[in-house]
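Each remark here refers to the structure printed beneath this line.
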Amino acid sequence: MTIKETGVGASILRREDARFLEGRGRFIGDIEIPGMSDVAFLRSPLAHARIASIDTPDDVADRVFTAADLSDVKLVAPASKVPRHRIVAAPPIASDRTRYVGEIVAACIAPTRAEAEDLVEMLAPDFEMLPVIASMDDALSEDGPRLYDDWDSNVSMETGFDSGIDEIIAKAPVKVTRVLDMARQAMVPLEGKGVLAYWSERDDQLVVYSSTQSPHQIRTALCQALELQQRQIRVIAPDVGGGFGYKAILHSEEVIVAALALKTGRPLRWLEDRFEHLTAGANAREHRYEMTAYADQRGRVLAIDAKLTTDGVAYSVWPHTNGFDAIQASGILTGPYDIGGYRVRTQTVVTNKPPLSPYRAVARPGACFAIECTMDAVARAVGRDPAEVRLDNLVKPEAMPYKAITGKEYDSGDYPACLRRAMEMVADAPQTPAPGRLLGTGYAVYTEHTAVSTSTISHIGIPMMPGFEQAAALMQPDGSLELRVGVQSHGQGMETTMAQIASQVLGIEPERVILRHGDTGLSPFSTGTYASRAVVMTGGAVAAACDKIAVKLREIAAHLMQCETANVRLEEGLLKGPSATMMIAEAAETWHFRPYELPEDVLRDGLEVTGGYRPDGDKGPFAYAAHAATVSVDPELGTVELLDYVAVDDCGTRVNPMIVDGQVLGGVVQGIGTGLFEESPFDDQGQPLATTFADYSLPTAAETPMIRLDHSETLSPYTRFGVKGVGEGGAIAPPAAVVNAINDALRPLGAELCAVPASPKRVLGAIFDAQDRAKADLETTK
Amino acid sequence: MKAPALEFHRPDTVQAALAILAEGDGAARVLAGGQSLVPMLNLRVAFAETLVDIGAIQELAAIEDAGNHVRLGASVSHARIEDGQTGDYFGGMLGHVAGNIAYRAIRNRGTIGGSLAHADPAADWPVAMIALGANVEIAGSNGSRKLPVDEFMVDVFTTALQEDEILTAICIPKASPKLRWSFQKMRKKAGAFGEAIAAAVHDPESGLCRVVAGSSAIGGPQRFTLLETALQDGDVDDDAIRDAVTRTIGSLGRYETQIHTVCLRRAIEEVRT
């Protein structure tokens, strides 16, 4: 094997797959601790209520815990530097008032989950209903109820930006306005959330297994809540079956289980079930974009004027607060386009809904949906092909690095070439609609700041500060390598890609490398896996650690070969001196087992190192892509069939192209879910209406066409190997591409859809509106 | 989402099952494929002190060619019907209906009797069985009885079944080779319950002519006798169907009216051409 076959750029099979495919993974639900009990929760059945009392039968009182039992647990409060951002941290257990359906009111402990649920049923809570704020419109209603008695409104955060657009507006011949809605949705990782905690006397430590993306973050939060030293809590994320952001927040259940494990001295476990996930778990989004584009006669967009309203729910999650959607979306709303004027106002309101979590790509699918549907509307207004209008507006490759009007620096890439490639691929596979169906194709292009930078976060001031990223590397006596990292791999295939990076630097086979991850007891600190950051940050740190190991190996070899270290090269896993060659394992074995062959002052600190990474100038790589969807619409029923999907992306160097394909494919299918199917609706009393998979529609294989991929590789000038993140990108463009395709299909009917998911009801609604308009027009002309 | 403790029985005769049901005094439930009842028990929205699993009763799994009709035991799975084990007396209609219920994993366990007895308003079998003029056989401690499916389906999640009775079989009168049928199911995605279902059936030889629709929105299966004449005699346009929908069901929202009208029209058109 050569490095080319195992290092950066090789599509080797995923090393973690065997255990997952054969059911040998070890998830929270697989872990048994002797004496362990299960926890079930009494949750609020009402969206807004005062808790008058909770009656607990005497004979079970020692197994039931309410807010009063956790009075010594400190509130873990998120923070924000955004001026006048009002945030309220969720108490782990509601004490006097519940603010969403599913909020925890009591915890019950029993040997099994079923028995714990029996205990829940024995409790008799008495709630007094309060008026419900069930929607953003409710929240903004002048005379409606307030969620917090001491607030003068239900507005939690307002932000704005104005580059100065009045002159542009005055001169622009074309003005296009659209209101675009993105629904609230659940995140639905294959494995739900889970936590298991017990006190380990010998280690003087609370051991917390959590299905999390960010073990160190959770440790920090639990230390605050329980007033323990950081050394006294070990958070272990075992195998984690998908996160998507849902597991990058602190969950109340984590605090409760940890606190009760301490209080009772018993190992305790809670496993989220689907009902809890869909009704009480944090969910995502619900944005309204009021977009006005000003353009010239050719559709060259001169300025965007936008207003964004987001549903900021009842409480702010730790560490992200409830402001991330508005902050991120408003910071990237001009997308991959060269737009000279931009004004935006955002408003985040509070409602009686469960917590809001960042979800794969966070606000980017919403921002992309807003700008890309607006771009299509501009093209329609000037009578040009939307793809051609895009080509005129995209940032040109010669402008790179390009400073966007929002202040972001797009580092590298050829956006127009990417879109042209997608257009070619669409042209290569023409589709034919069934009789009576309408055919349409839609495009969406995005650029994505991957590996979120320190300044991005420090500027908004949330208590999660990415910066230095580290990896520990230990070379064993036989030349095999152990890497320990603070990020957590829950579908990204890092056990493979990080081994490939080590293989690239050291020339050893990936089979001789193991990645240990997701355990605060093993690894250097990390803020965790999120924001498409691991391959950039941890990949950079792993390479740096391996560089250090390489120097040490060359030093050992130089002594053994009696030459200068500078004259020893490490190539393809061999240490080559002027007159001799030796294997890495020989050098490692000599240091461990034959110190007498080495002088005393050589490598006293051994073959274990920590390598770090932090980008120069705090610069982040921008990955980008062009997507194209082709749909067939049944104009009588409003049903949409996806016939073809094309995604052309550029994430710089692909460490493992097969894994990149997997990330893009999975992301696209999630994005198709956002675009066509997924929705968590609430009624006017704040009751969740999609409580099982019978009502919450996820895309499946039957709804997914063969997704056709292509890639270009424009190396980032700022990262090791030129990599850019790719974990989220696939999910960004599909809602926009799908809706643009539907609108292309609906064009002969004069109908236009401005909301996702594009359910049959919404599609038919757009058609009905067009019919009503036509009818009204006819009557006026009469 | 775990059911409370309950007693579980798996008798091997209908008589034994009836005895347990009678003993249960209203707190015993029959378990067939469990594809609806088990999740409902787990969600604690359905309750049972005793479950009587009829899966081990061989005669309930029988498929019988009984002269002028086909007799399906109540615990015949959707998958067996999808795979054609019933014989084809209905121009492929049974296989088509079965094969579009939920997903194969559910069809492997879910049963036609369970579906009828559960009476989910959005279920497929009640619509299809009413369209084909099927009857159900019911066994009780006081003997057995037979009912047309449209009388068996009483309301949303409500049938004519008494607490101490078991649905034992479905008898479908054989159609002639001239049977024409259409089963239109509009759904959000493969595997989902229908938002609107419409079936039209016409057998000029036997005289069977039925138009049936079903969905949660319209509260379960409904015969559209107004359209049955039209199916045989003449043209029907959207306005006539929309009118029939309103007259049969009452006023619905614009979306619901539209999808039921379109499904009914497509069903009728497919049968007529």
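The values are calculated or read from the model by the stated rules, or taken from the named source; none is laboratory data. Remember, predicted model here, so these are calculated numbers, not experimental data. Glycine gets a Cβ as well: all are built from the backbone with ideal geometry, and neighbour counts include every protein chain shown. Surface areas here come from the heavy atoms of the whole protein model, side chains and all, with no ligands, DNA or RNA. Shrake-Rupley method; radii C 1.70, N 1.55, O 1.52, S 1.80 Å.
Using the structure shown, decide if A:P463 is at pLDDT below 95, open to solvent by 40 Å² or more (accessible area, probe 1.4 Å), of a type outside the set (A, V, I, L, M) and under 29 Å from the mean Cα position of the chain (by Cα).
yes
Kindly check whether there is at least one residue in the stretch A:486-495 that is at pLDDT 95 or above, of a type in the set (A, V, I, L, M) and either within 27 Å of A:V362 (Cα to Cα) or surrounded by 20 or more Cβ atoms within 10 Å (Cβ to Cβ) (or both).
yes
Answer yes or no as to whether A:Q224 is assigned to a helix (DSSP H, G or I), outside the structural domain of A:A381 (by TED's automatic domain parsing) and out of contact with any Pro (no Cβ under 6 Å at 6 or more places or on another chain).
yes
Identify, from the list A:A557, A:A580, A:A585, A:A566, the residue that is of a type in the set (A, V, I, L, M) and open to solvent by 80 Å² or more (accessible area, probe 1.4 Å). Walk me through how you get there before you give the answer.
Numbers: A:A557 fails: open to solvent by 80 Å² or more (accessible area, probe 1.4 Å); A:A580 fails: open to solvent by 80 Å² or more (accessible area, probe 1.4 Å); A:A585 fails: open to solvent by 80 Å² or more (accessible area, probe 1.4 Å).
The conditions single out A:A566.
Considering each of B:M93, B:M1 in turn, give the residue that is away from chain A (no Cβ under 14 Å) and either touching a Ser or Thr at 6+ places or on another chain (Cβ under 6 Å) or in contact (Cβ under 8 Å) with a residue 40 or more places away in the chain (or both).
Details: B:M1 fails: away from chain A (no Cβ under 14 Å).
Of B:M93, B:M1, the one residue that is away from chain A (no Cβ under 14 Å) and either touching a Ser or Thr at 6+ places or on another chain (Cβ under 6 Å) or in contact (Cβ under 8 Å) with a residue 40 or more places away in the chain (or both) is B:M93.
Looking at the stretch A:670-694, which of its residues are among the charged types (D, E, K, R) and buried (at least 16 other Cβ atoms within 10 Å of the Cβ)? Walk me through how you get there before you give the answer.
Residues of the stretch A:670-694 that are among the charged types (D, E, K, R), as a first pass: A:678-679, A:683-684.
Within the stretch A:670-694, A:E678, A:E679 meet the criteria.
I need a count of the residues in the stretch A:704-731 that are in a loop (DSSP other than H, G, I, E, B) and either within 30 Å of B:R104 (Cα to Cα) or facing chain B (nearest Cβ under 10 Å) (or both).
Qualifying residue count, the stretch A:704-731: 3.
Tell me, please, whether a residue that is free of Cβ contacts under 8 Å to residues at least 60 places away in the same chain and over 16 Å from A:L260 (Cα atoms) can be found in the stretch A:173-183.
For the stretch A:173-183, residues free of Cβ contacts under 8 Å to residues at least 60 places away in the same chain and over 16 Å from A:L260 (Cα atoms): absent.
Select from the stretch A:625-668 the residues that are part of a strand (DSSP E or B) and in contact with a Cys (Cβ under 9 Å, 6 or more places away or on another chain) and list them in ascending order.
Across the stretch A:625-668, the qualifying residues are A:A625, A:A626, A:V648, A:D649, A:D650.
In the set B:K185, B:K178, which member is within 14 Å of chain A (Cβ to nearest Cβ) and either among the basic types (K, R) or crowded, with 21+ Cβ neighbours inside 10 Å (or both)?
None of the others qualify; the one that does is B:K185.
Hey, among A:A114, A:A110, which residue is within 14 Å of another protein chain (Cβ to nearest Cβ), without any contact (Cβ under 8 Å) to a residue 12 or more places away in the chain and surrounded by 14 or more Cβ atoms within 10 Å (Cβ to Cβ)?
Answer to the selection: A:A114.
Scan the stretch B:56-74 for residues that are under 21 Å from B:A19 (Cβ atoms), in contact (Cβ under 8 Å) with a residue 40 or more places away in the chain and surrounded by 17 or more Cβ atoms within 10 Å (Cβ to Cβ) and jot them down.
Selection gives B:I57, B:L60, B:G73, B:A74.
Within the stretch B:256-266, does at least one residue satisfy the condition of being outside any helix (DSSP H, G or I) and open to solvent by less than 10 Å² (accessible area, probe 1.4 Å)?
So in the stretch B:256-266, the residues outside any helix (DSSP H, G or I) come out as none.
No, because not a single residue in the stretch B:256-266 is outside any helix (DSSP H, G or I) and open to solvent by less than 10 Å² (accessible area, probe 1.4 Å).
Is there any pair linking a residue in the stretch B:140-169 that is closer than 17 Å to B:E59 by Cα to one that is open to solvent by 60 Å² or more (accessible area, probe 1.4 Å) and outside any loop (DSSP other than H, G, I, E, B), with Cβ under 9 Å and at least six apart or on different chains, and which?
From residues that are closer than 17 Å to B:E59 by Cα, the pairs are B:E165/B:S144; B:E165/B:R145; B:T168/B:E59; B:T168/B:S144; B:A169/B:E59; B:A169/B:E64.
Any residue in the stretch A:243-250 that is touching a Phe, Trp or Tyr at 6+ places or on another chain (Cβ under 9 Å), open to solvent by less than 10 Å² (accessible area, probe 1.4 Å), of a type in the set (F, W, Y) and within 30 Å of A:V176 (Cβ to Cβ)?
No, because not a single residue in the stretch A:243-250 is touching a Phe, Trp or Tyr at 6+ places or on another chain (Cβ under 9 Å), open to solvent by less than 10 Å² (accessible area, probe 1.4 Å), of a type in the set (F, W, Y) and within 30 Å of A:V176 (Cβ to Cβ).
Step by step: first the residues of the stretch B:144-159, then only those that are hydrophobic (A, V, I, L, M, F, W, C) and more than 15 Å from B:V127 (Cβ to Cβ), then the one that is surrounded by the most Cβ atoms within 10 Å (Cβ to Cβ). Which residue is that?
This residue is B:L147.
I need a count of the residues in the stretch A:311-367 that are of a type in the set (D, E) and open to solvent by 10 Å² or more (accessible area, probe 1.4 Å).
1
Among (1) within 24 Å of the chain's Cα centre (by Cα); (2) crowded, with 17+ Cβ neighbours inside 10 Å, there is one condition B:V45 misses while meeting the rest; what is its number?
Status for B:V45: all satisfied but (2).
Could you grab me the full set of residues in the stretch A:257-310 that are more than 14 Å from chain B (Cβ to nearest Cβ), more than 13 Å from A:V344 (Cβ to Cβ) and among the β-branched types (V, I, T)?
A:V257, A:T264, A:V301
When only residues in the stretch A:686-703 that are in contact with a strand residue (DSSP E or B) (Cβ under 7 Å, 6 or more places away or on another chain) and not in a strand (DSSP E or B) count, which is nearest to the other protein chains (Cβ to nearest Cβ)?
By that ranking, first place goes to A:E703.
Somewhere in the stretch A:709-723, is a residue β-branched (V, I, T), in the same structural domain as A:L439 (by TED's automatic domain parsing), open to solvent by less than 30 Å² (accessible area, probe 1.4 Å) and closer than 28 Å to A:V378 by Cβ?
There is no residue in the stretch A:709-723 that is β-branched (V, I, T), in the same structural domain as A:L439 (by TED's automatic domain parsing), open to solvent by less than 30 Å² (accessible area, probe 1.4 Å) and closer than 28 Å to A:V378 by Cβ.
Contact list please: Cβ distance under 6 Å, first residue in the stretch A:743-765 and within 14 Å of chain B (Cβ to nearest Cβ) and free of Cβ contacts under 8 Å to residues at least 12 places away in the same chain, second residue of a type in the set (A, V, I, L, M, F, W, C) and open to solvent by 20 Å² or more (accessible area, probe 1.4 Å), pairs at least six apart or on different chains.
Hits for this filter: zero, empty list.
Can you tell me which residue is farthest from A:V723 (Cα to Cα) among those in the stretch A:33-45 that are assigned to a loop (DSSP other than H, G, I, E, B) and either at pLDDT below 95 or open to solvent by less than 40 Å² (accessible area, probe 1.4 Å) (or both)?
A:S44
For the stretch A:165-186, what are the residues that are over 29 Å from A:A758 (Cβ atoms) and open to solvent by 50 Å² or more (accessible area, probe 1.4 Å)?
A:D166, A:E167, A:A170, A:K171, A:P173 - these are the residues of the stretch A:165-186 that are over 29 Å from A:A758 (Cβ atoms) and open to solvent by 50 Å² or more (accessible area, probe 1.4 Å).
Residue-wise test of (1) open to solvent by 40 Å² or more (accessible area, probe 1.4 Å); (2) hydroxyl-bearing (S, T, Y); (3) out of contact with any Asp or Glu (no Cβ under 6 Å at 6 or more places or on another chain); (4) not assigned by TED's automatic domain parsing to the domain that holds B:R107.
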position	(1), (2), (3), (4)
B:T168	no, yes, no, no
B:I197	no, no, yes, yes
B:A200	no, no, yes, yes
B:G207	yes, no, yes, yes
B:A213	no, no, yes, yes
B:G219	no, no, yes, yes
B:V236	no, no, yes, yes
B:V245	no, no, yes, yes
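Which of the residues belonging to the stretch A:428-456 are surrounded by fewer than 23 Cβ atoms within 10 Å (Cβ to Cβ), more than 30 Å from A:S716 (Cα to Cα) and touching a residue at least 40 places away in the same chain (Cβ under 8 Å)?
Listed by number, the residues that qualify are A:A429, A:Q431, A:P433, A:A434, A:G436, A:R437, A:L438, A:L439.
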